[in-house]
Structure formats: structure tokens, C-alpha cells
Amino acid sequence: MKKVTTLGQFIIERQKDFPFAKGELSRLLRDIGIAAKIVNREVNKAGLVDILGEHGTTNIQGEEVKKLDVFANEQFIDALSSGGETCAVASEENEEIIHIEGEVSANAKYVVSVDPLDGSSNIDVNVSIGTIFSIIRRSSEPGIPVNENDYLQKGTSMVAAGYIIYGSSTMLVYTTGRGVNGFTLDPSIGEFCLSHPDMKCPEEGKIYSINEGNYVHFPEGVKQYIKYCQVEDEATKRPYSSRYIGSLVADFHRNLLKGGIFIYPSTAKSPNGKLRLLYECNPVAWIIEQAGGKASDGYTRIMEKQPKTLHERTPLFIGSANMVTMAEEFMQKFSPKN
Ligand code: AHG
Ligand code: MN
Ligand code: MN
């Protein structure tokens with residue numbers, strides 16, 4: 001029988017890749033894995049909401065039933081707080097940075113950003129959702145409270161990033177800059193097991209993923225690129241298939257495996273698009289690059305964008321390298337930056 005490698009074993013094996021690290025990063029990843037298992041358990045119960053109680057009510061155990069995104073947020077913050085390896089968490093669910101109190105945490109050098117529940121509009125309809133995270137080293141010296149400036153670093157300074165997809169199976173995918181590895185949760189033993197070692201995104205794909213309902217509001221470059229995707233051409237295997245779930249993690253994960261492009265562009269109403277730079281775009285950008293793909297805002301590499309605020313948004317073009325390059329060419333030609 002083939003030997004199974006659990007996430008915990010894999011993290012320890014890989015620790016020797018970082019000769020100067022003292023194991024904090026490994027413990028942080030382990031904490032994230034624990035929170036993911038707890039969130040996974042709740043996600044699987046989401047359909048039982050009518051039996052277990054409505055959000056905002058009290059269930060038979062006398063606990064308040066929480067919305068899943070609030071629950072996920074609490075789980076990740078709790079897991080990261082008790083580990084003592086981080087001194088702060090920035091979350092989509094909290095306007096301000098959450099400071100982690102305690103003697104051990106105060107000296108921690110890492111800070112975490114998280115989108116605890118991504119694709120929240122899909123929670124109640126049994127469609128895949130996810131969690132996205134990234135870890136950076138704080139820019140100020142440990143010992144004093146973290147402030148927003150510690151977080152306002154380019155994606156190139158991430159030390160680890162990943163996502164969890166709660167789908168037909170639950171997977172955790174992460175990178176520390178030495179390739180991308182995917183782990184599938186085996187519910188019978190409650191462990192994430194290495195199932196997708198050294199993931200690579202095909203250079204070319206046949207899938208484009210975009211919310212075409214917003215077509216009229218898209219920049220001309222995106223409109224023209226969509227037309228290009230739809231034109232018949234045997235040599236380049238067009239027309240491409242259109243696939244859009246509405247959960248970034250799920251759309252991204254499919255395109256990573258199969259090849260494809262995901263676009264959330266600027267629109268007339270939202271010039272910076274919808275997705276958040278720090279805890280949505282940067283982590284998936286690093287993963288796709290580590291898998292051989294590309295991530296851009298249409299003009300600039302995502303990981304080189306200098307964040308100005310914690311929750312800032314950016315347009316996102318991400319996936320197979322050649323497809324993203326082509327989409328960028330359409331942007332340059334039809335929507336040149338002024
Ligand atoms: P979240 O649930 O964390 O707010 O993120 C939702 C995001 C992302 O998952 C998805 O790609 C996008 O919203 C879908 O937006 P549209 O419904 O506008 O297509
Ligand atoms: Mn999200
Ligand atoms: Mn979210």
C-alpha cells in the first residue's frame with residue numbers, strides 16, 4: 001500500500017528548507033489546518049440549518065447559531081490566537097486589524113490575512129466555498145503593537161499562502177515559495193493527506209471564467225477578449241468553455257488543475273473590481289505563479305502592487321500563463337492605461 005503523507009508530516013519534512021526558521025511558520029500552517037477542519041465540519045452541516053436552527057436563534061445545546069462566515073472568522077482567529085505564532089490577523093470580516101494579546105504572541109514576527117469564508121453567496125445552495133490566507137513577516141520589530149503599515153507590503157513579501165476548498169471533497173492547497181502542494185481531507189482519519197504534490201497549471205487552457213452578467217460595464221479590452229474566447233478556431237481550440245461558480249476559490253482551483261483564465265475586471269461602477277488585494281488576490285497570485293501560471297490586474301503583476309489600505313480591491317486576471325498574457329494584450333490594445 002502507498003504510504004500516506006499527512007499535512008503535519010509534510011510541514012515538518014519541509015521545515016529543513018528554511019534553515020533559519022524556528023518552526024513558527026510550520027506551527028502557523030498547522031493551526032490553519034486545524035481551523036479548516038472545524039470549519040469543514042460546520043460547512044457540511046449547513047444544509048441542516050432548518051433542523052439545527054436559523055441563524056441568530058439559539059440551538060438545542062443553548063448555543064447561538066451563527067452565520068457561517070462569522071463562525072469561520074472566529075475559528076481562524078481562535079486557532080491563530082491559541083498557537084501564539086502570530087501577533088495579528090487581518091480579516092475580510094473585520095474593519096480593523098485584530099491584535100492577539102498574550103506574552104508569546106507579542107513577540108511573534110508573523111502576521112496573517114484571511115478571507116475566512118469565500119463565496120458566501122453559495123453557502124446555502126450546496127456549492128463549493130473556501131478560505132484564503134496569507135502570511136507575511138511584520139515590517140516593524142516585534143514587541144510593539146502591529147499597525148496597518150505592517151500589512152501594507154507587496155505580495156512579493158509573502159512567506160506562505162494558501163486556500164481551503166470545501167467542495168465535493170475538502171482540500172488545502174498552499175505554497176511557501178517552493179512549489180504548490182495540495183492535501184485532501186480524509187474524513188475517516190480526520191487528516192489532510194498529500195494528494196496533489198507539486199501542482200502545475202497548464203500553460204494553455206480552454207476555460208474562461210467571468211461574471212458575464214456585468215458585460216456592459218466591462219472595459220473594452222475585456223469585452224474584446226471575451227469575444228476572442230468565443231470565436232471558432234481549430235488551431236487554438238476555440239471557442240473556449242465558459243465556467244463560473246461565483247466562488248473565487250472554486251473557480252481558481254478548477255482552472256489551476258485544468259488550465260483556464262479567471263477574470264474579475266474593473267467595472268464602470270467599481271473601477272478596482274471587487275476582489276481584495278491582501279487576502280484574496282495576493283495569495284492566489286503566488287500560488288498560480290508557483291504553479292507556472294500568471295496573475296495580473298490587466299497591466300501589472302498582482303504581487304508587485306503596493307497596497308495602500310488593508311481592504312483595497314484590485315481587478316484580477318489569473319490562470320494559465322499564455323491566456324493571461326493574451327488577455328493583457330487585449331487590455332493594452334483596447335483599454336490602454338492613461
Ligand atoms: P466573499 O464571499 O468572500 O465576499 O467573496 C465573493 C467573491 C468571490 O468569491 C467571487 O469570485 C466573487 O465574489 C463573485 O462575485 P460576483 O457575484 O459579482 O460574480
Ligand atoms: Mn472572498
Ligand atoms: Mn469572505
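The values are calculated or read from the model by the stated rules, or taken from the named source; none is laboratory data. In this text the structure is predicted, and so the values were computed from the model without any measurement. Note: ideal-geometry Cβ built from the backbone for every residue, glycine included; neighbour counts use all protein chains shown. These accessible areas exclude ligands, DNA and RNA; they are computed on the full protein's heavy atoms, side chains included. Shrake-Rupley method; radii C 1.70, N 1.55, O 1.52, S 1.80 Å.
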By accessible area with a 1.4 Å probe, ligands and nucleic acids excluded, highest first: order of Ser139, Ser188, Ser134: Ser188, Ser139, Ser134
Carbon and sulfur %, accessible surface of region 203-288 computed with the full protein complex present, 1.4 Å: 47
Near-label residues of region 223-253 by backbone N, under 11 Å of a point 7 Å along Cα→Cβ of Lys269: none
Whichever aspartates and glutamates have a C-alpha closer than 16 Å to that of Lys227, once near sequence neighbours (fewer than 8 apart) are set aside: Glu212, Glu328, Glu329
Cα-Cα over 21 Å, subset of Lys22/Lys109; Lys37/Lys274; Lys269/Lys337; Lys274/Lys305: Lys37/Lys274
Under-5 Å amide H pairs with Arg238, H placed in peptide plane, nonlocal only: Asp233
Sparsely packed trypsin sites (Lys or Arg not before Pro) within region 241-325, loop by DSSP, other Cβ within 10 Å at most 13: Lys269, Lys308
Selected from Leu257, Ile287, Pro202, residue furthest toward positive end of dipole (the chain; charges at beta carbon): Pro202
Electrostatic dipole magnitude of region 207-334 [Cβ: Lys, Arg +1; Asp, Glu -1; Cα centre; debye, to 20]: 240
Relative contact order computed over the chain (Cα-Cα under 8 Å; 6+ residues apart), in percent: 15
J(HN,Hα) series, region 100-115, from Karplus relation 6.51 cos²θ - 1.76 cosθ + 1.60, nearest Hz, glycine and proline x: 9, 7, x, 4, 5, 4, 4, 9, 5, 9, 9, 10, 10, 10, 8, 9
Å² per residue, accessible surface of the chain at 1.4 Å: 47
Loop-located trypsin sites (Lys or Arg not before Pro) in region 69-177, at most 16 other Cβ atoms within 10 Å (DSSP): Lys154
Region 248-321: chymotrypsin sites (Phe, Trp or Tyr not before Pro) in DSSP coil with no more than 14 other Cβ atoms inside 10 Å: Tyr299
Long-range amide H partners of Leu275 with built H, under 5 Å: Thr314
Added length on full extension, which subtracts the Cα-Cα distance from 0.36 nm per residue, Gln230 to Val4: 77.1 nm
Accessible area of Leu29 in the full protein assembly, 1.4 Å probe (Å², nearest 10): 10
Which of Ile38, Ile132 is most accessible, then next, and so on - probe 1.4 Å: Ile38, Ile132
Full-extension gain in nm, Arg238 to Gln332, via 0.36 nm per residue minus C-alpha separation: 31.7 nm
13 Å reach of a label modelled at Glu220, 7 Å along Cα-to-Cβ, counting backbone N of region 315-333: 330-333
Of all accessible heavy-atom area on region 7-196, the percent that carbon and sulfur account for (1.4 Å): 50
